[in-house]
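Below: the structure, in structure tokens.
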Amino acid sequence: MTDDNKPVQARNFVGGAWTTPSAEGRPVENPATGEEFGEVRFSTESDVDDAVSAAAEAFESWRRTPIEDRLQPLFRYKQLLEEHQDELARELVREHGKALSEARGEIRRGIENVEVACGAPTMMQAGHLQHAAPDIDETAVRKPLGVFAAITPFNFPAMIPLWFLPYAVATGNTFVLKPSERNPFTPTKLVELAHEAGFPEGVVSLVHGDKTAVDALCSHPDVAGISFVGSTPIARHVYETAASHGKRVQAQGGAKNHVVVTANADLDTAVEGTVGSAFANTGQRCLANPVAVVEDGIYDEFAERLVERAGEVVVGDGLDEETEMGPLTTGAHRESIIDAIDAATESGATLLLDGREAEVPDGGHFLGPTVFGDVSPDSTLARDELFGPVLALVRVADFDEALSVVNASEFGNAASLFTTSGGEAQRFRHEADAGNLGVNVGTAAPMAFFHFGGAKASFFGDLHAQGDDAIRFYTDETVYIERWPDA
Ligand code: NAD
């Protein structure tokens, strides 16, 4: 709330000025208390056009700005993000609900991308070859393309915009962010800090909104490309719409990831890794592992220890330093998870830990960790993305069966293996079908200098986010073929 008790408004940032989106929007609430403290209005097609036009105009001089000069605001941006990390983390928790430690961690992961993008002078060099043909030298150069837009989800409102912004602008493009409407204030703060860091007018813009703004970006003639992260149906829609309008697209979709625990695994590591991965961020991570596929020989002991540890997870307001798991981000999402738990229970699934019964604070969208045992790998519980604190244990006879459960998934974002066998680890690396593979690591999240994988229905496109892929996504290569007869 502001001093006069009006809800704070999330604003657009267009051509270097803060503006008010034209359409009605929705309230923004604190998921830990249910308090509505802000509002986000939505952008119309015309608001999006204003932002894209300003970005297109800024591109003409930004593309010609020497790369060293383009990087100076990025260096200042890193410093500002670090200086404001705690304030940003608290803002993030207030509108998302996650634990403060998770919020700090995601901001750190975002800053990592700013650091990597500062390597653009080296990463943009594409190659040169003397005597490529008789008397001919050839040089490949990477050039920016124009205006790029990123459309981002609610679950990492700081980190995911930073998967894109630093690389897009370091390579000489201009950038328009359309963040999730569920938590608009963290991305707004990111853009405020980018402005403070000194990017020229129009290089970084922000439009709040919903489907109208997304579709306007995906079809705008002056948008060169779209980076999207969100659920699979919307990723597919964005991929198809933007591609049909001639844009390059990278669209990261939903997930239903697995951990595999083999009979020889170190149980302490496997239990801790599985609990962390399934319940951190209240199960609202695209790299969460909501299915644990466990070999029969270790299943009972693993299940017992896992349920004990999951029952100890401290659920509460994310702003409390003790909290390990905050509320779900919206009441509607919480209801949908409870419906899924009810349906699974009614269909005979074995409930080992019931999050509906957990002791949680009043007022917010809290739900405790929930664990189902002996879940059929073909059931909804094991196959569909719930995006909440629900873990399904699947019992398998051996490693081959575990691999086949992992690979039967329609998704392919990540999978992790807990083992002490090098042979199993090697087979997992060779045969498991997912973009990010962890061994004795609960959450297989690559550092920013590696691209962030994703396969099958978890990714549409070819070049991924982060690292070298990001540089290639935001640039086009031209090859100069030169012959000088007077040489
Ligand atoms: P979402 O698909 O509902 O929303 C993502 C973005 O799309 C938001 O900006 C939203 O405004 C916009 N959008 C929503 N409905 C739309 C429509 N009908 N037409 C056009 N645009 C629309 O996703 P979410 O609920 O915000 O985020 C959770 C999802 O994101 C989960 O499925 C999760 O797995 C996925 N995710 C994937 C990754 C990854 O790297 N693969 C990372 C984070 C989250």
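The values are calculated or read from the model by the stated rules, or taken from the named source; none is laboratory data. What you see is a predicted model, and the numbers here were worked out from it, not measured in a lab. Here Cβ is always computed from backbone atoms with ideal geometry, including for glycine, and neighbour counts include all displayed protein chains.
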Where residues in segment 18-28 are out of contact with any Lys or Arg (no Cβ under 7 Å at 6 or more places or on another chain) and in contact (Cβ under 8 Å) with a residue 60 or more places away in the chain, which of them is nearest to THR330 (Cα to Cα)?
VAL28
Exactly one of (1) away from the ligand (no atom under 15 Å from the Cβ); (2) surrounded by 24 or more Cβ atoms within 10 Å (Cβ to Cβ); (3) not basic (Lys, Arg) is unmet by LEU206. Its number?
(1)
Go through (1) assigned to a strand (DSSP E or B); (2) within 11 Å of the ligand (Cβ to nearest atom); (3) not hydrophobic (A, V, I, L, M, F, W, C) one by one and return the number of the condition ARG142 breaks.
(2)
Answer from ASP469, ASP476 - the residue that is surrounded by fewer than 24 Cβ atoms within 10 Å (Cβ to Cβ) and assigned to a strand (DSSP E or B):
ASP476
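Please find, among GLU57, GLU68, GLU24, the residue that is loosely packed, with under 15 Cβ neighbours inside 10 Å, in a helix (DSSP H, G or I) and at pLDDT 95 or above. Spell out how you get there, then give the answer.
On the way: GLU57 fails: loosely packed, with under 15 Cβ neighbours inside 10 Å; GLU24 fails: in a helix (DSSP H, G or I).
Testing whether each residue is loosely packed, with under 15 Cβ neighbours inside 10 Å, in a helix (DSSP H, G or I) and at pLDDT 95 or above leaves just GLU68.
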Which one of these does SER219 not meet: (1) more than 16 Å from the ligand (Cβ to nearest atom); (2) closer than 27 Å to THR478 by Cα; (3) surrounded by fewer than 24 Cβ atoms within 10 Å (Cβ to Cβ)?
(1)
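Report the residue count in segment 200-241 for those that are over 29 Å from ALA408 (Cα atoms), among the hydrophobic types (A, V, I, L, M, F, W, C) and in contact with a helix residue (DSSP H, G or I) (Cβ under 8 Å, 6 or more places away or on another chain). Explain how you work it out, then say what you get.
Pass one, segment 200-241, residues over 29 Å from ALA408 (Cα atoms): 200-226.
Right, trim to among the hydrophobic types (A, V, I, L, M, F, W, C) and you get 203-204, 206-207, 213-214, 216-218, 223-224, 226.
Keeping just the survivors that are in contact with a helix residue (DSSP H, G or I) (Cβ under 8 Å, 6 or more places away or on another chain) gives 203-204, 206-207, 213-214, 216-218, 223, 226.
So the answer is 11.
Scan segment 337-355 for residues that are surrounded by 14 or more Cβ atoms within 10 Å (Cβ to Cβ), modelled with pLDDT of 95 or more and either part of a helix (DSSP H, G or I) or in contact with a Leu (Cβ under 8 Å, 6 or more places away or on another chain) (or both) and jot them down.
Initial filter on segment 337-355 (surrounded by 14 or more Cβ atoms within 10 Å (Cβ to Cβ)): 337-338, 340-341, 344-345, 349, 351-355.
Those still in the list that are modelled with pLDDT of 95 or more too: 337-338, 340-341, 344-345, 351-355.
Result: ILE337, ILE338, ALA340, ILE341, ALA344, THR345, LEU352, GLY355.
Can you tell me which residue in segment 226-235 is surrounded by the most Cβ atoms within 10 Å (Cβ to Cβ), limited to those that are near the ligand (Cβ under 10 Å from one of its atoms) and more than 13 Å from ALA255 (Cβ to Cβ)? Break it down stepwise before answering.
We begin by selecting, within segment 226-235, every residue near the ligand (Cβ under 10 Å from one of its atoms); these are 228-235.
Now restrict to residues that are more than 13 Å from ALA255 (Cβ to Cβ): 228, 233-234.
Values: PHE228: 28, PRO233: 11, ILE234: 18.
Applying the filter and picking the extreme gives PHE228.
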Cβ-Cβ below 6 Å, separation at least six or inter-chain, first residue in segment 396-419 and closer than 20 Å to PRO233 by Cβ and at pLDDT 95 or above, second of a type in the set (Asp, Glu) and assigned to a loop (DSSP other than H, G, I, E, B): which pairs?
GLY412/ASP433
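Can you tell me which of LEU381, LEU393 is of a type in the set (A, V, I, L, M) and outside any strand (DSSP E or B)?
Result: LEU381 is the single residue among LEU381, LEU393 that is of a type in the set (A, V, I, L, M) and outside any strand (DSSP E or B).
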Filter result for SER46 (hydroxyl-bearing (Ser, Thr, Tyr), exposed (fewer than 14 other Cβ atoms within 10 Å of the Cβ) and over 29 Å from PRO327 (Cα atoms))
yes
Just to be sure before I move on: is ARG76 out of contact with any Leu (no Cβ under 8 Å at 6 or more places or on another chain) and either basic (Lys, Arg) or buried (at least 21 other Cβ atoms within 10 Å of the Cβ) (or both) in the structure I sent?
yes
Out of the residues in segment 176-203 that are in a helix (DSSP H, G or I) and closer than 15 Å to PRO153 by Cβ, state the one that is nearest to the ligand (Cβ to nearest atom).
PRO187
